[in-house]
2 protein chains.
Amino acid sequence: MRKIFLFMDTIFNKVDAKGRVSLPADYRAIVKELSTEIVCYRSLTSPCIEGCLEDSLDKLATEIENSTDFFSETQDNLTNLIFGDAKRFSFDSTGRIMLTEKLLKHANIKDTAVFVGKGRKFQIWNPENWEKEETRIRAEVMKNRPSLKIQKDAE
Amino acid sequence: MRKIFLFMDTIFNKVDAKGRVSLPADYRAIVKELSTEIVCYRSLTSPCIEGCLEDSLDKLATEIENSTDFFSETQDNLTNLIFGDAKRFSFDSTGRIMLTEKLLKHANIKDTAVFVGKGRKFQIWNPENWEKEETRIRAEVMKNRPSLKIQKDAE
DNA sequence: TGGTATAACATGGTATTTTATGGGATTCAA
DNA sequence: TTGAATCCCATAAAATACCATGTTATACCA
């Protein structure tokens with residue numbers, strides 16, 4: 001039986017001169033409880049950093065391994081992009097991680113980072129960009145309401 | 001075997017200066033018995049807070065995870081909107097949770113919160129708004145008699 | 001059935017802990 | 001030995017746990 005873990009909420013944290021950010025306490029709790037690590041990489045679709053548990057990437061690796069044929073070009077591209085970019089991040093005794101220059105630049109994060117929960121994953125945004133993105137998504141989702149039907153199945 | 005749990009009734013509770021509210025005793029009993037947690041988020045359609053059990057969101061996460069492919073845009077939007085807004089709330093020994101500023105503002109709740117049972121979910125309203133909403137719903141229902149078509153199958 | 005004792009609940013207040021974050025010291029590698 | 005990464009300490013604010021009280025609901029008993 002798999003334990004419940006969900007990255008949730010939207011948290012604004014300071015990034016100091018050294019590039020250090022507090023990983024939200026809730027997120028830390030998950031990492032500790034499952035005794036795993038956080039992995040971050042540049043989002044393939046948005047100007048933000050994406051993070052998940054190392055377990056999730058392992059699961060993804062297995063899935064890719066099994067689904068597409070072993071030598072497909074798509075698989076090659078994807079694995080290169082994701083795993084080539086991903087990096088483990090462990091937090092210190094005060095709960096901070098140190099994001100790399102590459103990641104910060106991709107998300108255009110200067111002095112404030114926004115952690116946005118996505119369930120099994122989370123994202124880290126620049127505050128202004130996140131605000132824009134959120135309104136965009138809200139509009140998008142309200143337009144095609146049907147996509148919310150998945151929720152109905154929750155037993 | 002699924003246990004029975006239903007959020008029911010309409011309960012008026014005080015919200016103190018810190019944003020603390022007693023979670024109705026019946027609701028607490030459910031959380032304890034299923035040894036899970038409450039999750040709250042802003043309703044997408046009404047000026048109220050919506051709450052459910054963490055299990056429900058976990059199931060949703062799994063479904064989203066499995067239903068669409070890893071890079072689907074729909075999945076991205078949905079997870080951002082839902083999980084980015086949701087937050088766990090655990091109650092202290094006296095049975096109180098601490099609602100966030102964001103949630104209180106969305107529902108325009110000041111010093112009194114109304115808990116309204118919805119079965120698998122519940123809502124938290126500002127008293128005046130809830131009164132209006134209830135009469136509105138009642139009127140609506142009287143006008144076009146609703147048809148609750150229930151699919152009969154083995155539970 | 002009526003009355004009383006008991007338990008549960010909501011709620012105000014206070015104490016304790018956790019969290020985010022700044023700054024400095026130490027270590028390590030180029 | 002300089003720059004960067006890691007660790008440790010300090011602090012303010014926020015979240016959480018704990019205690020106390022009046023009130024209501026429930027259980028119990030004559």
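Within 10 Å of the Cβ of each residue in A:132-144, the mean number of Cβ atoms contributed by other protein chains is 3. Label separation (B:Lys3 vs B:Val141): 2.9 nm, computed from points 7 Å beyond Cα along the C-beta direction.
Amide H contacts under 5 Å for B:Lys121: B:Phe7, restricted to partners 5 or more places along the chain or on a different chain, H placed in the peptide plane at 1.01 Å from N. Sorted from closest to farthest, the other copies place their A:Lys59 label points 1.8 nm away, with each point set 7 Å from Cα along Cα→Cβ. Take each residue of peptide A:6-19, count the partner chain Cβ atoms within 10 Å of its Cβ, and average: the result is 3.
Pick out, in residue order, every one of the trypsin sites (Lys or Arg not before Pro) in segment B:5-72 that is DSSP loop and has at most 16 other C-beta atoms within 10 Å; say none if there are none. Don't skip to the end; give the middle numbers.
Details: sites: B:Lys14, B:Lys18, B:Arg20, B:Arg28, B:Lys32, B:Arg42, B:Lys59; in loops: B:Lys18.
Filter output for segment B:5-72: B:Lys18.
Could you work out the helix-only [θ] at 222 nm for chain B, with each DSSP H run of four or more residues adding -39,500 (n - 2.57) and the total divided by the number of residues, to the nearest 500 deg cm²/dmol?
Values: 5 runs with 60 residues, N = 155.
Dividing the helical sum by the residues of chain B leaves -12000 deg cm²/dmol.
Here A:Asn80 yields copy-to-copy label distances, from shortest upward, of 2.7 nm, the label point defined as 7 Å from Cα along Cα to C-beta. Neighbouring Cβ atoms from other chains, within 10 Å of the Cβ of residues in A:113-126, number 5 on average. Distances between placed amide hydrogens fall under 5 Å for B:Cys48 paired with B:Ser43, all partners being 5 or more residues away or on another chain.
Note down the Stokes-Einstein diffusion coefficient of segment B:10-143 in µm²/s, whole number, using a Kirkwood radius over alpha carbon pairs, 25 °C, and 0.890 mPa s. Once the numbers are plugged in, D ends up at 154 µm²/s. Residue pairs exceeding 22 angstrom between C-alpha atoms, taken from A:Lys143/B:Lys59; B:Lys14/B:Lys102; B:Lys87/B:Lys118; A:Lys3/B:Lys59: A:Lys143/B:Lys59.
Summary for B:Leu44: label point 7 Å along Cα→Cβ; distances to the equivalent points in the other copies, ascending, 2.5 nm. Each Lys and Arg contributes +1 and each Asp and Glu -1, all at the Cβ; summed about the Cα centre of chain A, the dipole is approximately 540 debye.
We did not get these values from a lab; they are worked out from the coordinates using the rules stated. Computed from a predicted structure; not experimentally measured. Neighbour counts run over all protein chains shown; Cβ positions are idealised from the backbone, glycine included.
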